[in-house]
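Working notes, beginning with the structure itself.
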Amino acid sequence: MKNKTILVIEDNELNMKLIRSLLQIGGYRILEVIDAETGIQMAREHLPDLILMDVQLPGMDGLSATRIIRKDPKLQHIPVIALTSYAMRGNGEKSQEAGCTGYITKPINTRSFLKMISQYLDYAQPKDES
Ligand code: MN
């Protein structure tokens, strides 16, 4: 089976480092960008299997970027998982309203992170296609 590609849009260097090391353990192919505009462009070029979207980004925020992705016929089927700060209450609901498939709270729980990623990937796969 081909390695799944995950596009990570995250401007915080430490978070990116942690996410990268976890996704590498999971055997995923990783595309990394630090802003939403480049992220959308990368998504259109590479059609990743899943997008991890930081909510707070310089320039366009992650929820606005998700709304654009959901309106793009080429991208709208891709699961988008919001990375929300635990301190920012209400971000879970807001990310779902914007069209996110789910959300992961920061600080990232290293024990459950890969399990959540694989669940979101399974969820996105049609069951009859193996
Ligand atoms: Mn951020």
Count of residues meeting criterion [over 16 Å from TYR120 (Cα atoms), surrounded by fewer than 22 Cβ atoms within 10 Å (Cβ to Cβ) and in contact with a Gly (Cβ under 9 Å, 6 or more places away or on another chain)] in the range 61-97: 3
Scan of the range 1-19 for residues that are more than 15 Å from the ligand (Cβ to nearest atom) and either free of Cβ contacts under 8 Å to residues at least 12 places away in the same chain or not β-branched (Val, Ile, Thr) (or both), ordered by number: MET1, LYS2, ASN3, LYS4, LEU7
For the range 64-110, enumerate the residues that are at pLDDT below 90 and of a type in the set (Lys, Arg). ARG89
Just wondering, is there one or more residues in the range 35-43 that are surrounded by 17 or more Cβ atoms within 10 Å (Cβ to Cβ), in contact with a Cys (Cβ under 9 Å, 6 or more places away or on another chain) and closer than 16 Å to VAL80 by Cβ? no
Can you confirm whether the range 27-37 contains a residue that is in contact (Cβ under 8 Å) with a residue 40 or more places away in the chain, within 14 Å of the ligand (Cβ to nearest atom) and in contact with a strand residue (DSSP E or B) (Cβ under 8 Å, 6 or more places away or on another chain)? no
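The values are calculated or read from the model by the stated rules, or taken from the named source; none is laboratory data. Here the structure is a predicted model, which is why all the values come from computation and not from measurement. When we count neighbours, we look across all protein chains shown, and the Cβ atoms used for this are built from the backbone with ideal geometry, even at glycine.
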